[in-house]
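The values are calculated or read from the model by the stated rules, or taken from the named source; none is laboratory data. Since this is a predicted model, take the numbers as computed values, not measurements. Here the Cβ positions follow ideal geometry from the backbone for every residue, glycine too, while neighbour counts run over all protein chains shown. We work out accessible area using only protein heavy atoms, side chains counted, and drop any ligands, DNA or RNA first. Shrake-Rupley method; radii C 1.70, N 1.55, O 1.52, S 1.80 Å.
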Amino acid sequence: MSEPDARVARLSAAKRELLARWMAEDAPDDDGPARSDGPRTEAERTVAAVWQEVLELDRVGIDDDYFALGGDSVHAIVIVAKLELAGWRITAQDLFDLPTVRAVAQRATREAPASARPRTPAPDAYPLGPMQEGMLYHSAGGSGPGAYLVQVCCLLTGPLDPAAFRAAWQTVVAASPALRVFFDWHERTHPRQVVAPEAEMVVDHLDWRDRDEADRATALTAFLDRDRARGFDLGSAPLLRLTLLRESDTAHRCVWTHHHLILDGWSQQLVLADVLDCYRALTAGERPRVPDRPAMPDYLDWLRTRDHAADERFWAGQLTGVTAATRIAGPDRANGHVAAVRRGDVTLTVPRALAAGLDAFCRRNGLTVSTVLHGGWALLLAELCASTDVVFGVTVSGRPPGLPGATELVGLLINTVPLRVDCAPDGVVLPWLHELQHRLAGMREHGHVPLGRITRGLGPGRGPGLFDTIVVIENFPTAVGRNAGDGLRIEEVRTVVDEGYPLVLEIVPGEELRLLARHDPARLPASRVRAMLDALTACLAAFVADPAQPLSGPRTLLARRNEQHLEQERRADRDAAGRDVRAARRRKTDEERA
């Protein structure tokens, strides 16, 4: 409009602003920057379509920000893999550095679409993956029978057909080589995993309908302990079993126990999705079908193509100059073996207001929630260890986007790798978090290297004890919905596992942000773990409140929190000692009177 319109002049300021924006969006812009609307090039159309599918959005504009749309590191794995299948090559780091469809499409290189894996028969025996090597060493070398045992416990409510449920599990076991694996290591220089031609799925049934709720809770704890004590014979397949505990006519407690050697959390979801699909088919009178998923041999073939010298250079650069271990727990009484004691659990749900503020902070500043949580944990460890240079373990998915079908592969691909963080107090929160995110993204390209190889150059005895806490972000794609079909619902899902570290911080994103700390009570008491989670939450709030402050601000807050907790512990110890003295005096007085 070249002349002012009297009708426009009569509008309020807010309405005039809205009109101006509408006119700007509607105006042609051949010579100016493209507006944030639909994609124009083939690359932009492909990238936008993949983002829309993976992020489950109705529409994606070419200038929409990846983080503002809710993207994170797990989404990045899936996006990179899908683009590779479509013939466009990018890296997960590209998504973090260039977080718009336009920028990613400009960076993407055209190449032949990734082909499906060859339809050749899978071998019946093959080597171990990196994480499997360490687990087998500890499992077979003196650790308790419950070491690396995973128990997935959930409540099934509604009509359940036990026969169809068992048949669904057996169908999936028969169709999935990863579920029929056993291990052969006796008298062998190099252990191998062997696929049994067939394996019978054990499903036990217990009737607890005559027990009240309190009795069932006690019985479940005792059952889980007995189940862990049973362990598995690693030389026999299958390394999984199922127990249905009937609590009422319409409720069953289901405990799926498997050895961590054969499945990681991502693969668990794939297996459960296949079981539920088979169950729905069987109860509907249809023939169940199980997808032909990739398996460990595909991953091992990919590993052989890696530039191992580049991997070693990367990790050497990450750890050069490390002078001290980052350890907060008491002494290890198991001589390096996994004792598989009953773990303590401390759970903290981040207040809704803080969780919402943290999410908005991350979207606004191009960060993932997991990056900020890793940063908070690093600062907490730095304060507890009086250090500016800390190392702790992070669990990575280990699913390489360059491997076709990586997101559908069933097996054990996760790995624990060291994250080193500089916590010098003169750093500034927001740039420091961006640097941390960049470091995390770079590590994922080399996340398949075994921890033993990573720490090999640190000197005798230094590698295994470099850290004693790990952080696990449970944000893998959840393939199982709450409804299992035909009125059957899955509720109260929880997982019991011992990773072999005195403290594992598991972070469960979602509508509620939950912090779950699994700890060895003999080495880290629950009161101390609870204080650590409280301090971590306060640190997150400090990040959100003032991202321009130096790290000395949150560190001072954490120091104050730590001192308050230590004073509470000292006071509790004095009170307990006083009670013991008074009790001893009463006993002595009673003895004298007698």
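State the percentage of accessible surface on the chain attributable to carbon and sulfur atoms; use a 1.4 Å probe and exclude ligands, DNA and RNA.
Values: 14640 of 28410 Å².
Carbon plus sulfur share of accessible area: 52 percent.
Let me know the charge dipole size of the chain about its Cα centre in debye, to the nearest 20, where only the beta-carbon of Lys, Arg (+1) and Asp, Glu (-1) is charged.
1480
Listed values for segment 294-309 are Karplus-derived 3J(HN,Hα) couplings in whole Hz (6.51 cos²θ - 1.76 cosθ + 1.60, θ = phi - 60°), namely x, 9, 4, x, 5, 5, 5, 5, 5, 4, 5, 8, 6, 8, 5, 5, and x replaces Gly and Pro.
A compact globular protein would have a Cα radius of gyration near 2.2 N^0.38 Å; the ratio found for segment 396-473 is 1.30. Ellipticity at 222 nm from helices only: DSSP H runs of n ≥ 4 in the chain, each -39500 (n - 2.57), divided by the residue count, give -13500 deg cm²/dmol.
Taking the highest mean first, how do the peptides 102-108, 207-213 order by number of other beta carbon atoms within 10 angstrom per residue?
Values: 102-108: 19.7, 207-213: 11.0.
The densest-packed peptide leads the list: 102-108, 207-213.
With each label modelled as a point 7 angstrom along the Cα→C-beta vector, the Val581-His190 pair spans 6.6 nm. Calculated over segment 176-330, the projected area of the Cα convex hull averaged across directions stands at 15.5 nm².
Give me the base-10 log of I(q)/I(0) for segment 149-234 at each q in 0.21 Å⁻¹, Debye formula, one uniform scatterer per Cα, rounded to two decimals. Here the Debye-derived log intensity ratios amount to -1.22. Along the Cα-to-Cβ line of Arg352, 7 Å from the Cα, sits a label point; which residues in segment 498-539 have backbone N less than 18 Å from it? Inside the label zone: 509-515. Residue-wise HN-Hα couplings along segment 405-411, as the Karplus relation 6.51 cos²θ - 1.76 cosθ + 1.60 with θ = phi - 60° gives them from phi, are x, 4, 6, 10, 7, 9, x Hz; Gly and Pro carry x.
Using 0.36 nm per residue of separation minus the Cα-Cα distance, give me the extension gain between Asp124 and Asp590 in nm, one decimal. Show your work: numbers first, answer last.
Details: separation 466, 0.36 × 466 = 167.76 nm, distance 7.40 nm.
Once the chain is fully extended between Asp124 and Asp590, it gains 160.4 nm.
Compute the whole-percent fraction of alpha carbon pairs in the chain spaced more than 31 Å apart. Present the calculation step by step, with values, prior to reporting the outcome.
Values: 100876 of 176121 pairs.
Of the Cα pairs, 57 percent sit more than 31 Å apart.
For segment 38-71, applying the loop criterion from DSSP together with a ceiling of 12 other beta carbons within 10 Å to the GluC sites (Glu not before Pro) yields Glu56. Among the GluC sites (Glu not before Pro) within segment 507-575, those in coil by DSSP and having at most 10 neighbouring Cβ atoms inside 10 Å are Glu511. Between the DSSP loop rule and a limit of at most 15 other Cβ atoms within 10 Å, which trypsin sites (Lys or Arg not before Pro) in segment 480-550 are left? Here the trypsin sites (Lys or Arg not before Pro) that fit, given the DSSP loop and packing criteria, are Arg482. You can think of it this way: the chain between Leu566 and Asp215 has 122.6 nm of extra reach, that is 0.36 nm per residue less the Cα-Cα gap.
Rounded to the nearest 20 debye, the dipole size of segment 278-434 about its Cα centre is 540 debye, using +1 on the Cβ of Lys and Arg and -1 on the Cβ of Asp and Glu. 3J(HN,Hα) along segment 51-60, derived from phi through the Karplus expression 6.51 cos²θ - 1.76 cosθ + 1.60 where θ = phi - 60°, amounts to 4, 4, 5, 6, 8, 6, 10, 6, 7, 10 Hz, with x in place of Gly and Pro. Relative intensity of segment 50-199 on a log10 scale, I(q)/I(0) at q = 0.09, 0.12, 0.14 Å⁻¹, equals -0.56, -0.89, -1.01, per a Debye sum over C-alpha point scatterers of equal strength in the absence of solvent.
With Kirkwood's inverse mean 1/r over C-alpha pairs for Rh, give me the Rg to Rh ratio of segment 504-562, two decimals please.
Numbers: Rg = 13.1 Å, Rh = 12.8 Å.
Rg/Rh: 1.03.
If R₀ is 35 angstrom, what is the calculated FRET efficiency for the pair Asp161 and Asp233, using the beta carbon separation as r and rounding to 0.05? Please report the intermediate quantities before stating the final value.
Details: r = 30 Å, r/R0 = 0.87.
The computed FRET efficiency comes out at 0.70.
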